[in-house]
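Below you'll find the structure, written out as structure tokens, and then a few comments.
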Amino acid sequence: MEREPPCPSATDGEIAAINLESARRRAWTRFAQDACLLGVAEAVVDQERLAAQFFSDLDALDRLEALAAQLALVDASSRAALVQAEVASTAHRFADARGHLSRATLMGARREEIERQSLSIDQACGVKLDAVLAARQQVAAASGRLEDLVPLGALLADLERFAEADAVYRQALFSYRDVSPFPLAWVCFQLGMLWGELVPVPDPKLAAFWYRRAIAYLPGYVKARVHLAEICASQDRPGDAEALLMPVLSSRDPEVRWRLADALIAQERFQEAETQLDAARSGFDELLQRHLLAFADHAAEFYAGSGNDFRRAVELARANVANRPTRRAVEQAQAIAVQVDEAAASRSVRSMQCAGGVSRRLAARCAAQHDQVIR
Amino acid sequence: MSDHVDGPRSIGDPPADITDLFAFTSPENPARTVLAMCVFPSAGESAVFSNVIDHKIAVRRVSVTGIGNAAKFQPADEEIRFTFRFELLDRDAAGKVIQRGTCVLPDGRTLSLTVNDGKGASTPEGDVRVFAGLRSDPFYLAWIAATLEKVPNLLQHDNVLCIVVEFDTRRVLDPEKGSLFGVIAETVPTEPPGRIGHPPARIDWIGRPEQTNVRLNNPALLGVDDIRDLWNQQTPFAISKELQPLFLQRLKDSFTNWDMRDGKADWTPEGLAANAKVFLDDFLLFDVAKPITDESHLEIEKSTIDGRPYQTGGGRTVDANSIDILFTWLINHDREFLLGGATGATKPGTKVFPYFATPNTELQTVAESVELEVAPDMVWSLIGQFDLMWHPNVAKVNLTGAGIGQLRRIETRDGREIVERLDVVDGAKRFYRYSLVAGVPASRYAGTIEVKPKGRGCVAEWRVEFLANNQPNSAVRTVVSTLVKTGLGSLKQRFAAAA
């Protein structure tokens with residue numbers, strides 16, 4: 001992709017991953033020393049969210065919920081309510097998050113902090129989008145910082161203003177003045193999603209370019225590998241897809257197992273694929289038991305496809321719509337309903353065939369929304 | 001906090017975030033000088049340096065060109081520079097992560113080093129020795145700066161990544177030409193980012209401690225812009241002429257506020273202005289011809305502003321109480337020493353190279369659980385009893401008191417005596433939390449026992465967190481882990497019949 005300029009250099013991804021884990025553990029130690037110390041719980045939240053976003057650390061949500069519960073026991077100030085709201089948002093429990101924010105407001109939390117979190121929740125739920133856009137544009141124009149530009153880009157993409165979204169993401173990428181690979185990998189991933197899965201006519205070559213850059217920044221970036229593997233699979237390169245997924249099998253993200261199963265099926269390695277599908281199924285089951293709303297959208301796609309459980313897919317898609325009635329969530333539910341009808345008309349092995357087909361774009365859209373909420 | 005997390009942008013990559021800078025006479029050899037910079041606030045045990053940052057320590061000779069209200073320290077143009085760069089990670093035969101680096105010396109020689117090698121690396125001539133690696137954070141802050149409330153050290157048990165260079169003072173600094181120096185440290189990207197925009201000259205830099213978090217960003221100045229990132233983008237020894245008035249005014253406002261924190265005006269307006277001008281030229285002053293002690297930090301600046309010749313080598317030792325020295329100067333003009341809520345860092349500095357104490361150990365966690373095919377209440381009715389008599393390793397228990405605060409004195413079958421205190425109990429949620437009073441070589445020891453429903457049965461969880469005290473982590477972990485695993489294992493057998 002010669003026309004793309006070189007990306008900013010950053011700390012090596014392995015070093016950054018080790019340092020994140022180091023800082024995360026240290027933050028927990030500080031929290032154990034004094035949970036009430038200003039900024040300590042917030043640092044844990046930031047680092048756990050990075051671990052979840054980039055390395056699909058599935059235990060991060062459990063740890064965050066334990067943190068919020070512990071903090072609430074010892075800190076009677078609005079801080080605990082704000083942290084609880086942040087944790088609830090991360091787990092897509094948006095109604096709970098709003099409740100915590102209301103409490104925080106009554107307890108005198110800073111207005112800026114309430115507004116920042118409310119904005120993210122409104123965007124994730126697809127409500128008051130005009131107001132959210134105005135606020136995002138204002139914040140991004142004032143600061144010009146990557147962390148303010150990326151949510152604006154995501155919102156513009158949600159509103160199907162794709163060219164503007166692309167421009168904002170690029171502005172974020174090339175205005176970055178630090179050397180952490182996390183923000184840079186995040187922007188590259190968002191650009192991959194934009195061109196691979198959100199625009200009306202996807203450009204898989206361009207999307208793959210951005211996913212590869214995200215992985216170059218952070219080799220352990222699980223979602224970037226999953227999405228690039230999907231592109232490889234769609235281009236009849238299941239071996240490449242498999243090679244991309246193998247290094248992140250240890251992440252325990254069921255989506256890795258699911259996409260690996262698809263790649264194995266394409267290579268007619270059905271027995272191995274069955275093992276991976278079982279692992280994906282039990283992985284989703286376990287996640288849904290603990291954090292239904294956080295994973296309902298992804299799991300719905302799985303059960304509508306390779307997971308081969310349409311009833312469950314419909315239930316999950318409905319739960320997702322009830323939680324956040326965004327246009328994408330509704331589209332996903334409708335697409336799954338269509339699939340259910342088709343399946344009823346023709347009960348065959350076609351469910352295996354459509355594993356990454358019809359539903360992939362929708363799954364990706366939901367993933368995009370998930371990632372922007374995580375931030 | 002010194003220079004820890006001193007701007008929204010430096011939160012990006014923690015190894016780029018400078019926390020402190022030191023300059024002192026070698027405790028091992030008075031003919032040698034030690035310069036050191038620290039990065040990565042609250043670094044964990046596995047922290048390593050970034051491979052795309054140059055860590056630079058730069059020294060310039062300085063002259064006193066004015067005293068009293070005209071106090072001024074003028075740096076020379078010539079710079080003596082040590083540049084540290086670190087490589088991608090490598091692994092030894094056992095798979096352990098290794099990071100190597102190099103230090104480019106002022107005369108162009110290169111010295112290779114291995115991170116966390118306590119012996120450091122020396123030039124063949126022995127005139128320069130360097131170290132880089134994890135150490136206990138030497139800084140301590142025991143105040144809430146906005147309210148001046150005394151608190152325990154806010155950085156207790158923290159670690160940082162330290163870079164230390166020790167050299168022959170005469171050979172490197174040539175003090176015959178003048179013995180007063182200013183030193184700064186900076187983190188600079190090794191290569192510029194993309195072609196769009198202007199690459200930053202640096203990410204962070206530091207001269208004297210607390211330029212950013214206390215002086216420029218005085219937390220009691222409400223409604224003012226955070227100008228720390230703008231400051232961090234300035235060139236050390238050459239603050240932008242256009243921006244100097246902005247920074248100077250902020251320092252004046254900040255110092256006026258600090259002066260009135262105790263309700264008394266100890267500074268004249270002229271003195272405040274002189275103070276602001278001196279601190280605007282932000283480099284750490286040290287004089288290699290005079291004694292540098294734990295108390296001499298800022299003495300050069302303070303004496304010169306007060307209109308008298310300075311007596312010490314200033315600088316900053318590992319154990320210097322830099323925050324209290326600064327607060328005392330700003331708040332009451334040295335009328336009365338202000339001591340915060342701590343008298344030292346987690347660990348004091350050492351008298352031998354590399355002079356910074358070994359790192360603090362991490363909080364250890366032992367967490368085990370067992371799934372049981374019986375109702376949670378049934379399990380809780382047994383293990384929810386604080387007496388622990390259900391545990392097969394427990395020979396005898398004496399309880400003292402009742403409810404929160406109750407003590408249990410446990411005698412184990414292998415003769416160990418452990419005393420623990422009940423801190424929290426919630427029967428409805430089926431959990432209790434306790435802490436150690438005595439009997440295990442650990443501090444901050446806290447345990448939780450909890451029973452959660454799962455399917456038609458339940459999960460019993462036991463979690464213990466601790467810091468090992470003067471013992472290897474593994475030794476204490478074995479004691480705790482045996483206790484936890486044996487206890488939960490016994491539940492499996494006990495409730496198998498009831499399932």
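A short reminder: the numbers here are calculations on the coordinates, not readings from a lab. The structure presented is a predicted model; accordingly, all values stated were derived computationally and were not measured. Please note: Cβ atoms are built from the backbone with ideal geometry, for glycine as well, and neighbour counts cover all protein chains shown.
Computed over Cα pairs, the Kirkwood radius of the range A:12-119 leads via Stokes-Einstein (1.306 mPa s, 10 °C) to a diffusion coefficient of 113 µm² per second. Residues A:309, B:282, B:174, ranked from the fewest to the most other C-beta atoms within 10 Å, line up as B:174, A:309, B:282. Taking a straight line from the alpha carbon of residue B:72, these lysines sit under 28 Å away, with near neighbours fewer than eight places off in the same chain left out: B:56, B:177, B:241, B:252, B:264, B:277, B:290, B:302. Once each part is reduced to its C-alpha centroid, what is the distance from the range B:136-179 to the range B:340-379 in angstrom? So the two Cα centres are separated by 24 Å.
Across peptide A:178-186, the mean count of Cβ atoms from other chains lying within 10 Å of each residue's own Cβ comes to 5. Per-residue shielding of B:46-58, expressed as the average number of other chain Cβ atoms within 10 Å of the residue Cβ, stands at 4. The lysines within cross-link reach of residue A:223, meaning a Cα-to-Cα straight distance under 20 Å and a gap of 8 or more places when in the same chain, are A:205. Straight Cα distances below 22 angstrom link residue B:429 to the lysines B:452, B:454, B:492, with same-chain residues fewer than 8 positions distant left out.
Using +1 at the Cβ of each Lys and Arg and -1 at the Cβ of each Asp and Glu in the range B:201-264, identify which of B:227, B:203, B:249 lies farthest towards the dipole's positive end. Going by the Cα projections, it comes out as B:249. Highest mean packing comes first when the peptides B:307-314, B:430-437 are listed by Cβ atoms within 10 Å, giving B:430-437, B:307-314.
For chain A, which longest stretch is free of loop sites, where a loop site is one of the GluC sites (Glu not before Pro) that DSSP puts outside H, G, I, E and B and that has at most 10 other Cβ atoms within 10 Å? With a cap of 10 other Cβ atoms within 10 Å, the longest stretch comes to A:3-267.
Annotation: Cα Rg of chain B relative to the compact-globule expectation 2.2 N^0.38 Å equals 1.18.
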